[in-house]
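A short worksheet on the structure shown next.
The values are calculated or read from the model by the stated rules, or taken from the named source; none is laboratory data. None of the values given here were measured: they were computed from a predicted structure. Virtual Cβ from ideal backbone geometry, glycine too; neighbours counted across all protein chains shown.
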Amino acid sequence: MRAKLIGQTLPLAKLPSIPYVPAMPDTALMPIPGQIDPVPVARDITPRADGRVDLIGLPKRRIAELFEAAGLDAKAAKLRAKQVFHWLYHRGVTDFDAMTDIAKTMRPWLAERFVIGRPQVVEAQHSTDGTRKWLLRTDDGHDFEMVFIPDADRGTLCVSSQVGCTLNCRFCHTGTMRLVRNLTPGEIVGQVMLARDTLGEWPKSGQADLSALGDDLVDDEGGYSSDGRLLTNIVMMGMGEPLYNFDNVKGALQLVMDGDGLALSKRRITLSTSGVVPMMDRCGEEIGVNLAVSLHAVTKEVRDEIVPINRKYGIEDLLQACADYPGASNARRITFEYVMLKDKNDSDEDARELVRLIRKYNLPAKVNLIPFNPWPGAPYECSTPERIRAFSNIVFEAGISAPVRTPRGRDIDAACGQLKTAAEKKSRAELDRLYAEKQAALETE
Ligand code: SAH
Ligand code: SF4
């Protein structure tokens, strides 16, 4: 999947000095559990052993700066950055040699200094229901997952934001991992690029560029986009808590939404948070995507237990932040995710309380009821289908849409909450110890 090395024609002495960026902080330095951005310095460049810079994940402005630092004058750097950006994100090329509007002599100059990266694919699995899961690896050897869910009317890519998670929702398999590190913007947008590679969804040369026809045509709601692509929607619902990696997620989604590149509408992107209240406003203001909130319980007692961040940011604060979410409206509702756990959060009374809370805060809301997806050692069971139906009916009769999500990709552990890499099995005692450890970290902040 890596860009091919191209013949190196320039003498090494002519190599530009590329600004040195300290090596990626790794496991030992990383976990500052629960903090808003566990990476203290915004790093937009992943240093490589060969000194070249991976362009994926960098904004156009940054690419121009690098070209200038490498010796181009400011005007040429800006023009080249614009061309290269288009090739990277609109055409999906992974080889400078394919950039046909860039002079033939310039291409090896680029290849000597820069690369066009993709996450490495360790394993690709296909579910009987069409869901696909990829186990991916960062350049420094950390594994994470990405899932593609095809539906009749859309195709959704479920993207990871972190390797592991600082939080420890008790029903979530990812929560049983420690946070290894945040993914960089390049590793996040790289998942989308890789999915497009695999699905064969980059425009071929000579093919009409439909994005030029405007948003109405390429982004008609409800159907496959008119240009026939399978990948139409993105959800930040893979491994990790995206609002604890705000800057990198923002950088990546800005690339995904850039009209000169992947050009996916913000209406087709949803970010899911477990409830990092202080970052929700910024998410709406600065990223502007749809919001999903992992509510999962309506009382303090139960939410404290199953979504422990609730001890820090309670239900009332969370719902107020939803009411204030920039851009939420009846046309762009907030999704409340509610995992159905037997005898834990699934009573009629819970359903009625959910309706009361949504009404109290006057929220433009829809509720997604997610049957609990089991994993080895999970301390809960899924509610019965009858219970889920009864719960859904109560919410629905109150005028709030409450579909029951069909689990997808369960046979390959690709369903919600089943993602977990380095799949060693932890004992009950180990799981409890990890839970206590993450709890203490949240509380001592
Ligand atoms: N960290 C973010 C996004 C990733 S989790 C968040 O918590 O919102 C994506 C969704 O899957 C969340 O709603 C999460 O609560 C849900 N989920 C986690 N484990 C699950 C499980 N075992 N079964 C069903 N849904 C689960
Ligand atoms: Fe982290 Fe989300 Fe899983 Fe909670 S549900 S542990 S926030 S990935």
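So, in segment 165-206, exactly how many residues are part of a loop (DSSP other than H, G, I, E, B) and of a type in the set (A, V, I, L, M, F, W, C)?
Qualifying residue count, segment 165-206: 10.
Kindly indicate whether any position in segment 112-126 is closer than 30 Å to Lys312 by Cβ, assigned by TED's automatic domain parsing to the domain that holds Gly251 and either within 16 Å of ligand 1 (Cβ to nearest atom) or assigned to a strand (DSSP E or B) (or both).
Our first condition is that a residue be closer than 30 Å to Lys312 by Cβ; within segment 112-126, this holds for none.
Checked segment 112-126: no residue is closer than 30 Å to Lys312 by Cβ, assigned by TED's automatic domain parsing to the domain that holds Gly251 and either within 16 Å of ligand 1 (Cβ to nearest atom) or assigned to a strand (DSSP E or B) (or both).
Could you please let me know if Leu369 is assigned to a helix (DSSP H, G or I) and either within 14 Å of ligand 1 (Cβ to nearest atom) or within 26 Å of Tyr244 (Cα to Cα) (or both)?
No, not satisfied.
Take Glu349 and tell me if it is out of contact with any strand residue (DSSP E or B) (no Cβ under 8 Å at 6 or more places or on another chain), away from ligand 1 (no atom under 16 Å from the Cβ) and within 21 Å of Cys382 (Cβ to Cβ).
Yes: the conditions hold for Glu349.
Return the residue satisfying two criteria in turn: it lies in segment 372-388 and is touching a residue at least 24 places away in the same chain (Cβ under 8 Å) and either at positive phi or assigned to a helix (DSSP H, G or I) (or both), and of such residues it is surrounded by the fewest Cβ atoms within 10 Å (Cβ to Cβ).
Restricting to residues being touching a residue at least 24 places away in the same chain (Cβ under 8 Å) and either at positive phi or assigned to a helix (DSSP H, G or I) (or both), the top hit is Gly377.
Could you list all residues from segment 334-360 that are part of a loop (DSSP other than H, G, I, E, B) and surrounded by fewer than 18 Cβ atoms within 10 Å (Cβ to Cβ)?
Lys342, Asp343, Ser347
Only residues that are without any contact (Cβ under 8 Å) to a residue 24 or more places away in the chain, more than 30 Å from Glu145 (Cβ to Cβ) and among the charged types (D, E, K, R): list them for segment 62-121, please.
Correct list: Glu65, Glu68, Asp73, Lys75, Lys78, Asp101, Lys104.
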